[in-house]
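In what follows, a structure is listed as structure tokens, so that the remarks can point back to it.
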Amino acid sequence: MAVHEKVKELDSVVIRFSGDSGDGMQLVGNIFSNLSATLGNEISTFPDYPAEMRAPQGTLGGVSGFQVQIGAKNVYTPGDKADVLIAMNPAALKANAKSLKPHSVVIIDEDSFTDKDLKKADFKTENPFEELGLTQIQVVPTPITNLVKLSLEGLGVEGKAALRSKNMFALGLVCWLFNRSIESVTPFLEAKFAKKPAVLQANLKVLNDGFNYGANTHASISTYHVEVAEEQEKGIFTDVNGNNATAYGLVAAAEKAGLELFLGSYPITPATDILHELSKRKELGVKTVQCEDEIAAICTAIGASFAGDLAVTTTSGPGLALKGEAIGLAVMAELPLVIIDVQRGGPSTGLPTKTEQADLMQALYGRNGESPAVVVAAKTPTDCFDMAFYASKIALEHMTPVILLTDGFIANGSSAWKIPNLDDYPAINPPYVSADMAEGWKPYKRNEETMVRYWAKPGIPGFEHRVGGLEKDYDTSVISTDPANHQKMTNARQAKIDNIANFIPALEVEGNPEADVLVVGWGGTYGHLHTAVEKMNESGKKVALAHFQYINPLPANTAEVLKKYKKIVVCEINMGQLAGHLRMKVPGIQLEQFNKVQGQPFMVSELVDCFTKLIEE
């Protein structure tokens with residue numbers, strides 16, 4: 001048996017699994033990420049799905065990728081370029097060629113690099129590496145397809161069924177490369193295939209054979225050792241993606257408010273996983289309804305809100321457009337409602353599996369009439385838990401719709417997460433009616449300081465009432481078309497939203513307090529912006545970062561912060577929607593913009609280039 005002698009010690013490393021959408025790259029990427037988080041690494045992942053449902057096998061349109069950066073600490077992004085690529089076919093190699101570092105390790109299934117396979121990926125020559133200009137990488141050609149067939153001989157698994165385990169051979173090989181024990185992978189597979197013992201047996205066999213192949217044949221390739229944090233915070237850690245964290249945040253808010261959680265939803269990429277996760281939580285009082293369309297989904301949630309539940313509806317861009325009229329109804333009826341929009345590339349069907357931040361203006365203004373609603377955004381996969389909790393708290397305590405914006409990048413991506421203690425989160429106290437209000441009570445009676453309407457759940461004697469979409473009289477709560485009253489009610493609804501600025505955190509600035517440039521961002525771009533700002537300051541260039549999670553209303557100190565800096569650049573995965581919003585809300589400020597609309601997250605390197613040029617101007 002050969003023994004590998006060279007081990008690279010690294011603070012962090014980027015690995016990308018890539019193949020056809022049916023090659024199981026997402027599964028092995030998730031297992032390896034979970035394993036790394038369990039062992040004490042910080043992680044950040046980026047699942048990159050193809051947009052086509054059934055692209056022809058082996059073509060560029062069908063390439064599915066999963067990138068993960070693992071490290072000891074300070075891992076905020078999945079990394080710009082990969083140290084290690086697992087390419088299951090020529091199309092996967094071609095799609096990722098520009099994302100490789102010099103001297104990176106590329107493991108290929110050489111059985112899938114035949115002339116026919118190369119032609120499918122539009123290669124013109126028999127040497128794909130030379131054709132792509134990949135002259136400095138370390139290629140590990142491995143006959144994965146044939147080795148898997150040999151591995152499963154005698155187990156009764158043959159043909160296409162056997163080839164489904166190719167991803168496990170690749171996972172075993174990667175475990176060898178990163179000095180991960182196979183025993184630590186076994187529990188993940190046992191959980192995944194608990195009801196399919198034959199499949200479990202086959203995958204475990206192939207996984208072990210993949211590990212042993214690496215150990216026995218590739219002594220010339222260095223393996224990697226990635227440090228873990230020396231001092232880890234005590235607690236139970238796991239790996240969580242943004243959609244699941246959102247679901248857990250909603251459950252936590254319902255528990256804290258003492259309410260049942262209702263989700264009315266219509267499946268849509270990339271938001272559907274929230275529905276999937278919450279539908280498993282009946283034991284926690286969660287009720288889910290998969291409706292016939294987006295309009296029905298939000299209307300069932302509005303009904304549940306009137307009945308006294310914490311009501312939620314989930315969607316993505318096109319669905320938010322369809323829900324617009326009903327959001328206006330919730331604004332008019334002044335009912336608590338959480339709308340979660342997991343943004344994707346648009347317009348129309350657009351790029352369903354790719355990320356974007358282009359629904360901000362739609363969330364802020366995409367309704368008829370003067371229809372103010374709260375808009376908040378999550379900045380990382382784990383932050384989705386907190387923002388789902390606080391979106392619910394604002395909705396319930398201020399009797400208003402709250403739109404929570406996440407995006408495909410943080411919704412599908414994952415990070416290591418310490419499971420929070422609910423005792424660390426504040427109480428949620430909806431403005432319920434009290435018995436002493438019964439005499440002369442009206443449905444739109446409100447707290448004159450906060451302008452919040454009191455909430456009377458159905459079934460309380462003396463508080464029977466109706467609400468609806470027609471304008472109501474400020475004093476009597478009956479239908480009114482009086483012009484002066486409409487102005488008064490419009491002012492009241494706006495004042496209620498504006499007043500929420502007194503209940504949200506101030507805008508914080510991180511980085512160098514004496515900075516020459518202030519970088520402004522919002523939502524899921526936080527990890528890339530934070531890392532780029534950190535790199536700038538490490539190189540001696542003074543840069544600060546202000547990242548918005550509360551967008552309507554803006555934090556009370558927004559103007560004060562922005563007016564301190566001579567140069568401000570707003571970075572967004574859209575054409576400049578937050579920049580436009582800030583120009584309207586903070587008159588007199590001068591803003592530069594850095595925008596990208598490619599269905600992909602920022603790269604740290606392009607941000608550093610932008611900030612450097614701005615300083616040098």
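The values are calculated or read from the model by the stated rules, or taken from the named source; none is laboratory data. This one's a predicted model, so the numbers in the text were calculated from it and none came from an experiment. Every residue, glycine as well, gets a Cβ built from its backbone with ideal geometry; the counts of neighbours run over all protein chains shown. When the accessible area is computed, the model is the full protein with side chains, heavy atoms only, and any ligands, DNA or RNA have been set aside. Shrake-Rupley method; radii C 1.70, N 1.55, O 1.52, S 1.80 Å.
Here is the figure for the stretch 36-75: residues that are surrounded by fewer than 19 Cβ atoms within 10 Å (Cβ to Cβ) and either touching a strand residue (DSSP E or B) at 6+ places or on another chain (Cβ under 7 Å) or not acidic (Asp, Glu) (or both) total 15.
Would you please name the residue that is surrounded by the most Cβ atoms within 10 Å (Cβ to Cβ), looking only at residues in the stretch 415-446 that are assigned to a loop (DSSP other than H, G, I, E, B) and of a type in the set (S, T, N, Q)? Per the stated criteria, the residue is ASN429. Of all the criteria given as (1) in a helix (DSSP H, G or I); (2) within 29 Å of the chain's Cα centre (by Cα); (3) farther than 22 Å from ILE15 by Cβ, the one not satisfied by ALA194 is (1). Considering ALA377, ALA326, ALA373, the condition of being buried (at least 21 other Cβ atoms within 10 Å of the Cβ), hydrophobic (A, V, I, L, M, F, W, C) and in contact with a Cys (Cβ under 6 Å, 6 or more places away or on another chain) is satisfied by ALA326 alone. A single member of GLU277, GLU294, GLU283 is in contact with a Leu (Cβ under 6 Å, 6 or more places away or on another chain) and of a type in the set (D, E, K, R), and it is GLU294.
Residue-wise test of (1) free of Cβ contacts under 8 Å to residues at least 60 places away in the same chain; (2) out of contact with any Lys or Arg (no Cβ under 7 Å at 6 or more places or on another chain).
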site: SER21; (1), (2): yes, yes
site: LEU35; (1), (2): no, no
site: VAL75; (1), (2): no, yes
site: GLY79; (1), (2): no, yes
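Residue count for the stretch 527-559 under the criterion of being more than 16 Å from ILE504 (Cα to Cα) and in a helix (DSSP H, G or I): the result is 12. Beta carbons closer than 7 Å, at least 6 apart along the sequence or on distinct chains, pair a first residue in the stretch 488-514 that is closer than 30 Å to LYS567 by Cα with a second that is part of a loop (DSSP other than H, G, I, E, B) and of a type in the set (Gly, Ala, Ser) for ALA501/ALA556; ASN502/ALA556; ALA506/ALA556. Evaluated against (1) buried (at least 22 other Cβ atoms within 10 Å of the Cβ); (2) more than 20 Å from PRO50 (Cα to Cα), LYS101 falls short on exactly one condition, (1).
Among the residues of the stretch 152-168, the ones that are among the aliphatic types (A, V, I, L, M) and either closer than 15 Å to SER112 by Cβ or open to solvent by less than 30 Å² (accessible area, probe 1.4 Å) (or both) come to 4 in all. Sort out which residues of the stretch 576-592 are more than 20 Å from the chain's Cα centre (by Cα) and within 21 Å of ALA363 (Cα to Cα), and write them in order of number. Passing the criteria: GLY576, ALA579, GLY580, HIS581, LEU582, ARG583, MET584, LYS585, VAL586.
Note on the stretch 256-266: residues that are touching a strand residue (DSSP E or B) at 6+ places or on another chain (Cβ under 7 Å) and either in contact (Cβ under 8 Å) with a residue 60 or more places away in the chain or surrounded by fewer than 20 Cβ atoms within 10 Å (Cβ to Cβ) (or both) amount to 3. If you go through the stretch 386-404 and pick out every residue that is of a type in the set (Phe, Trp, Tyr) and open to solvent by 10 Å² or more (accessible area, probe 1.4 Å), you end up with 1.
For residues in the stretch 170-191 being without any contact (Cβ under 8 Å) to a residue 40 or more places away in the chain and over 29 Å from the mean Cα position of the chain (by Cα), which is farthest from LEU85 (Cα to Cα)? Looking at residues that are without any contact (Cβ under 8 Å) to a residue 40 or more places away in the chain and over 29 Å from the mean Cα position of the chain (by Cα), I get GLU183.
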